[in-house]
Amino acid sequence: MNFEIEKTKTREIYNLLIGLVAPRPIALVTSMNEEGRLNAAPFSSYNYLCTDPPIIGMGVMDRPTGGFVPKDTARNIRRTGEFVVNVVTEDIATQMNICATDFPAEVDELEMAGLTTTPSQIVKVPRIAQAHAALECKEYTTMEIGRSRIILGRVVAIYIEDQFLDPSGPYVLSEELHALGRMNGLGSYVKTRDAFLTMPRISYEEWKKGKR
Ligand SMILES: Cc1cc2nc3c(=O)[nH]c(=O)nc-3n(C[C@H](O)[C@H](O)[C@H](O)COP(=O)(O)O)c2cc1C
């Protein structure tokens, strides 16, 4: 089938894009409002964008209720300028999904999910204690585009459990970490356990010698 965006409903565009730009890493974002109230929600329109400086980006759509009302995560980041990306792995998949539930404002998502927090190194927002890795971020900028906000965060500190790190690089031991990816809007995810293909890049010298 072919879809011309001008003639396609917003929900259909969403369904197609999130199924085709996949798998995507999942950021379980902790943020705080001005009163210090903690919030947690997952976002998969998320990636690192550059490393010098280290910038990550994520897309947060406004609430589906209409009226350009931002989700709590986007609102908190705009007001307090800080957040933490907790890396989502297989063992916290269920808890991550609970954090996406649209609970009333007074309900603590982390408590509902059985997750706890621990202090971050630099930012005031704590990281999730059960997450094996986390990126502490300060808001670089937020772009309002239509009914969405694209948030760029400057990474100011990184946490990773020692068991998932080869300090020689340092390299992340991705085959051990078991990060989870989001695939589509039907609740499909991809596990990375036993799913690795190792393919080092080919230098031009190697290419000339016939390496493929
Ligand atoms: C795996 C997963 C990925 C998600 N990714 C996004 C996303 O990239 N952008 C977005 O606006 N909502 C996304 N959502 C929905 C939000 O997590 C959901 O709207 C959440 O309730 C927002 O919470 P908040 O208002 O506390 O920020 C995702 C949900 C799940 C389960």
Taking a point 7 angstrom from the Cα of E161 along the C-beta vector, which residues in the stretch 80-99 have backbone N less than 19 Å away? 85-97
Putting +1 on Lys and Arg Cβ atoms and -1 on Asp and Glu Cβ atoms, find which of L38, L115, A134 reaches farthest to the positive end of the dipole of the chain. A134
What is the local net charge at E139, summed over the other residues whose Cβ is closer than 9 Å to its Cβ (Lys, Arg +1; Asp, Glu -1)? +2
For the pair A105 and S168, the simple spin-label estimate (label points 7 Å beyond Cα toward Cβ) gives in nm 5.4
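Going by how many other Cβ atoms sit within 10 Å of their own, how do Y189, Y204, Y14, Y171 line up, fewest first?
Working: Y189 19, Y204 7, Y14 13, Y171 10.
Ascending Cβ contact count within 10 Å gives the list Y204, Y171, Y14, Y189.
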Among F83, G153, A93, flag the residue with its Cα farthest along the positive direction of the charge dipole of the chain, charges on Cβ as +1 for Lys/Arg and -1 for Asp/Glu. G153
Out of every Cα-Cα pair in the stretch 54-161, what percent are more than 25 Å apart? 21
Proxy reagent accessibility, fewest Cβ within 10 Å first, across F3, F83, F164, F43: F3, F164, F43, F83
Which value, in debye to the nearest 20, gives the size of the charge dipole of the chain about its Cα centre, when Lys and Arg are +1 and Asp and Glu are -1 at the Cβ? 800
For every helix of n ≥ 4 consecutive DSSP H residues, a contribution of -39,500 (n - 2.57) applies; sum these over the chain, divide by its total residues, and give [θ] at 222 nm rounded to the nearest 500 deg cm²/dmol. -5000 deg cm²/dmol
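Every read-out reported here was derived from the displayed coordinates using simple, explicitly stated rules and does not represent laboratory data. Owing to the predicted nature of the structure, the values given are computational and were not obtained by experimental measurement. Cβ atoms come from the backbone with ideal geometry, glycine included; neighbour counts cover every protein chain shown.
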